[in-house]
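Some notes on the structure that comes next.
Computed from the coordinates by the stated procedures, all read-outs in this text should not be read as laboratory data. Just so it is clear, the structure is predicted and the values come from calculations on it, not from any experiment. Because the Cβ atoms are built from the backbone with ideal geometry, glycine has one as well, and the counts that use them run over all protein chains shown.
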Protein chains: 4
Amino acid sequence: MGVRVAVAGASGYAGGELLRLLAGHPEFELIAATAHSQAGQHVTSAHPQLTGLDLTFSSTDAAALNGADLVFLALPHGQSAAVAAQLPQTVKVVDLGADFRLESAEQWTRYYGGGHAGTWTYGLPELPGARAAIAASSRVANTGCYAATIILALAPLIAAGVADPQDVVVVAASGTSGAGRNAKVHLLGSEIMGDLSPYKVGAHQHVAEIKQATGAASLSMTPILAPMPRGILATVTAKRLNGGDPREALQAAYADEPFIHVLPEGVWPHTAATSGSNSCHLQATVDVDSGRIIVVSALDNLGKGAAGQAAQNANIMFGLPETAGLSVFGVAP
Amino acid sequence: MGVRVAVAGASGYAGGELLRLLAGHPEFELIAATAHSQAGQHVTSAHPQLTGLDLTFSSTDAAALNGADLVFLALPHGQSAAVAAQLPQTVKVVDLGADFRLESAEQWTRYYGGGHAGTWTYGLPELPGARAAIAASSRVANTGCYAATIILALAPLIAAGVADPQDVVVVAASGTSGAGRNAKVHLLGSEIMGDLSPYKVGAHQHVAEIKQATGAASLSMTPILAPMPRGILATVTAKRLNGGDPREALQAAYADEPFIHVLPEGVWPHTAATSGSNSCHLQATVDVDSGRIIVVSALDNLGKGAAGQAAQNANIMFGLPETAGLSVFGVAP
Amino acid sequence: MGVRVAVAGASGYAGGELLRLLAGHPEFELIAATAHSQAGQHVTSAHPQLTGLDLTFSSTDAAALNGADLVFLALPHGQSAAVAAQLPQTVKVVDLGADFRLESAEQWTRYYGGGHAGTWTYGLPELPGARAAIAASSRVANTGCYAATIILALAPLIAAGVADPQDVVVVAASGTSGAGRNAKVHLLGSEIMGDLSPYKVGAHQHVAEIKQATGAASLSMTPILAPMPRGILATVTAKRLNGGDPREALQAAYADEPFIHVLPEGVWPHTAATSGSNSCHLQATVDVDSGRIIVVSALDNLGKGAAGQAAQNANIMFGLPETAGLSVFGVAP
Amino acid sequence: MGVRVAVAGASGYAGGELLRLLAGHPEFELIAATAHSQAGQHVTSAHPQLTGLDLTFSSTDAAALNGADLVFLALPHGQSAAVAAQLPQTVKVVDLGADFRLESAEQWTRYYGGGHAGTWTYGLPELPGARAAIAASSRVANTGCYAATIILALAPLIAAGVADPQDVVVVAASGTSGAGRNAKVHLLGSEIMGDLSPYKVGAHQHVAEIKQATGAASLSMTPILAPMPRGILATVTAKRLNGGDPREALQAAYADEPFIHVLPEGVWPHTAATSGSNSCHLQATVDVDSGRIIVVSALDNLGKGAAGQAAQNANIMFGLPETAGLSVFGVAP
């Protein structure tokens, strides 16, 4: 018999992608999907792409999650703690929200405001030592979507002494699903198509977890909203140290990883190539004139940046093959 | 041991989607992918979304296809016959091209020009009697992408006497991958984005197979190129006969179909909801004032319109579960 | 001294386009722009493309419109009558809303509900006799955006006896700005990009004014939302009568029109080619097999479909050159 | 009588935009448009948005340009010198290509290869002293499109001592028209939509002119191709010097400029807001944590980045109002 799984907060984009992955997972059995304001409606009212899936939203309460061996929380930031508190420790939980990512309460308050709920195991399996920690945890905090993209590009370079942690500059563009399924004028198709625009310049909340996970000490980050539904492309540049080779550092770090691909030399990532997958594509070069390393990282913000990563973490927590129910390949064009 | 599979003409969009599906298929083992001008290159040079797949293009010749139990032909129109002639009858073949779809040599010459190569079993499993014919065939001709979309909407209505075969009007819009991977100025992103434009107005070659498969006698078709990579949305209207109910006719025809979904009343199809899947979404209504039936049909031109349909046909030909390696669910947003 | 102009309801998309046109108009002097909920804010808070224009939103009341010689109403449907009632007859008014378009109170109630406000001069200058009527009016009702696109394609064919008014089928796709600037989930960029979907199938409110303006007796209309910010492409098909030539009929009707262009034979319209302009591009053919005429019409829903048409009407009302402040040329790619 | 104007190389995207601007210019009279391979065809065969303009492409030779007072060269890089050599000095010339931008023959050879054609007046009027130089020149070299975007953001900060010229990092994304109208597979709509991808990482040829115009000594640049037809968004970051205020430096530099707009504090640029205009929108902040300045700059690559800038330069060269025939306002949404 399979692992019984519930998703709390399943009406958003990450929730919908999670339902898609779980519906096709060989070991996970989807028993409940909750949605605050859509309880009682069929999941296809929010997710027409799931037509054929027989499931109705429940309200987000303990009763709905009762009986699950595994609960994914895809709730708005700040709402995970209250739900998690109702779940016994025997139930394994992966939180796609930010509530339990940060170790520092001070950083939490600075970027999110309010009280710090606590710290769970940080759920990026490709970080050194992370797999064992995730496997041993019943509570795992998924990373932010930008954070996953940038950490995967940066962490090995700082660890290998190739990039200067005092001098990191990041510009990262995200598809609109990263902004959530909120009825806001600035997210309308009419406003988005044909437009690029930055936001939270130098002030994005993911900076805190990127620094925490990579050891970067100074990091300037400019997020950009891009006219496409999915995908993040992060350009990470840092002062080069010790004449190091950034491609070698990336290749060494990810040689055995099923989802992290350092592309052939000279081939640069395309976000579209990762769409619908749990893969991250990386390429790096040295800009000799400026003495900087440039790494570009691409992934699907709803895949490796959210739902795919969550399923990968759950696979590890249950001792399943890490790729179960996940695709290495993107859906393109 | 699995079925050994080769894809001839694998560098285009349908070929790439087919490789993706085959790489994830539980019973098919991908042994070769051919590409005329890219022989010797890794498949990721054409299909970066397949990063992680270890496969190199061969040239399109008998040697490359030798040893396959199943060959998919994803060649330009007119090139299938020559390749098929080299394959023994014990090798099963699904042709994604147009060469063997039409029964009438006259119609072939009118719409495609040149000599008619012959007629294979028409590969739309949801047509009455089609499954048995496909299962018994070693040569199956996939339908056109517009044809699949429109036939699925129209065939049951004519068969049930609800729609007048003498008075059918179709307007169907396709994403750009339907126009192929050809380096043409009018297909550049700069030209496509923000633009809708008709083409082959009243003269599209799929009209012939739609009439053949549905019994429509008079059918006006206007194809439109739409600013999205995938998806076809067909609006099929016909004079209503006998006060018939088009939704009932569709529901009766597709009640047991895994991939064909008549949506809940009042819910209209979205192409995005079918993206990456092998599903077709349908809805119908009666326009009382004009006395016409309006059916709208949506599918992924590379999925149920091409590669997905081809894999479904192959599943039937090999006696496998029809849904093996195929997704009912779309990747959205 | 120029004509003093005010725009009521200037925070939406049609309002913004109207401000852009008026700011560049040689004879109109923009003195006020009202916006219900944004009074006191600079117009660039809603319309960043107008950066450089020194204008602040007023609240929508008589005081704000006082002193104007010409008032454009770009209000939500149903709100025009109350504002218009406050304006003296000496002030000329162009209403971009639906309130005064229909002659039939019954049709109004059927499609819009509530009481019928009345009937103003229908503001499509290219209809026979329309220019003189518009020039003599102090109250003009702009057409709907779909209506303009479809009427321009259909009216000359019915008038010339080429198209059967008893058998008209229309499928028309619109960019998202046609759906207005409303914060609704189904209009989010994430939902729109990559998607085509029909709505109000067989039930669109513009059918009433299209029938009224063209004499069509039976007309089935399927509207489609398309993934682009601007533009409407209408495919209008009708049973052909008397072996008539639809291109000749269109050319005869529009030979002297500055904004209506029948394209060279075989060249079909592109919505992108009309973007930002007040032009409508037309092409027609006869589908011999089905005995139907197919006309395709493209325009910018915010241009000739709304703000451009409104400015053209105003030019006529004030005896100015009809093209003043308007562009024949689109902004493409 | 107006200035007689010819455009050499008018079939590309910049050429088409230039024809649009010239057709609406109050003082320039368009007498010829040349296109190597399309001579004899109507300009609307390449530019359907110019329907209504009565002009046919000539071949690109001296005869076609004869009689012009002003010639714009919109030719592929490397072809301007030969054409310019045939024009008498009394004919004023604006070159939209790269041939005459660089002062250093060494830099030319490094980035473009081949022999250096020479150096003309660098045509960015907003640079200190540039207007007078342009006004006095009969030969002006337009800037690159990325170059314009980045120089406008960076030059005042280096000049004011606010940004460290030794430490500049730029990531800039461009719409696809910036890649030209070349029939290449990687520019197809199917590949572009839904995709972000970098190219020429750390190796873009515009770096040379940016350094030349701003005094930047070390500059790392990553260009990105974005899924939209027009627009460039450049994120320019530099180490902050002397506790300087980047907004003040920008405001001081551009206070009297009609086309350069420093947005209200906290409002960040949108490329869509500049579409079709000759404007550039700027915003800046200090990222206190990293000690870096972040400036974001947006413009239309075909407007201020190419054709608009060229027309502005020509206005200056002929002593016309600098804004003649140009729009400050964008066409959005």
Across the identical copies, how the D:K200 labels are spaced - nm, sorted shortest first, 7 Å along Cα→Cβ: 3.2, 3.7, 4.6
Spin-label zone in the range A:150-191 - amide nitrogen under 12 Å from a point set 7 Å from the Cα of A:A217 along the C-beta vector: A:164-168
Residue order, fewest to most surrounding Cβ atoms within 10 angstrom, among D:T51, B:T222, A:T149, B:T285: B:T285, D:T51, B:T222, A:T149
The protein assembly as shown pair-distance distribution - Cα-Cα, 10 Å bins, rounded %: 2, 9, 17, 22, 22, 17, 9, 2, 0
Nearest-first distances (nm) between copies at B:G40, label 7 Å from Cα via Cβ: 4.0, 6.8, 7.3
Helix B:13-23 axis, angle to chain B major axis (alpha carbon atoms, nearest 10°): 70 degrees
Rounded to 5, percent antiparallel among DSSP beta bridges of the range A:150-231: 20 percent
Helix D:145-159 vs. chain D, principal-axis angle (Cα, 0 to 90°, nearest 10): 40 degrees
DSSP-defined beta bridges in the protein assembly as shown - what % are antiparallel, rounded to 5: 45 percent
Cα centroid separation, the range C:236-258 to the range B:116-195 (Å): 31 Å
Subset of A:K211/A:K239; B:K200/B:K304; C:K184/C:K211; B:K184/D:K304; B:K184/D:K184; C:K211/C:K239 violating a 19 Å alpha-carbon distance limit: B:K200/B:K304; C:K184/C:K211; B:K184/D:K304
Residue among C:A35, C:A216, C:Q312 farthest towards the positive dipole end of chain C, charges placed on Cβ: C:A35
Surrounding net charge for A:G202, when Lys and Arg each add one and Asp and Glu each subtract one, Cβ distance under 9 Å: 0
In nm, spacing of pseudo-spin labels at A:S59 and A:V185 (7 Å Cα→C-beta vector): 3.4 nm
Mean-position separation - Cα centroids, the range D:270-329 and the range B:274-303, in angstrom: 45 Å
Rounded to 5, the percent of DSSP beta bridges in chain B classed as antiparallel: 45 percent
Between the range B:1-69 and the range A:200-216, the alpha-carbon center distance in angstrom: 42 Å
For D:G243, inter-copy label distances in nm, listed shortest first [label point 7 Å out on the Cα-Cβ vector]: 4.1, 8.8, 9.1
Distance-filtered residues of the range B:125-150 - backbone nitrogen under 12 Å, label point 7 angstrom along B:H77 Cα→Cβ: B:144-147
Environment charge of C:R240, counting only residues whose C-beta is closer than 10 Å and scoring Lys/Arg +1, Asp/Glu -1: -2
Whole-Hz ³J(HN,Hα) from phi, Karplus 6.51 cos²θ - 1.76 cosθ + 1.60, for the range D:103-120, glycine and proline x: 7, 9, 5, 5, 4, 4, 5, 4, 8, 10, x, x, x, 7, 6, x, 10, 10
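Hey, what D do you get for the range A:146-301 in µm²/s if you plug the Kirkwood alpha-carbon radius into Stokes-Einstein at 37 °C and 0.692 mPa s?
Details: Rh = 15.8 Å.
Value of D from the Cα-based Kirkwood radius: 208 µm²/s.
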Directionally averaged shadow of chain B, computed from the convex hull of its alpha-carbon atoms, nm²: 16.5 nm²
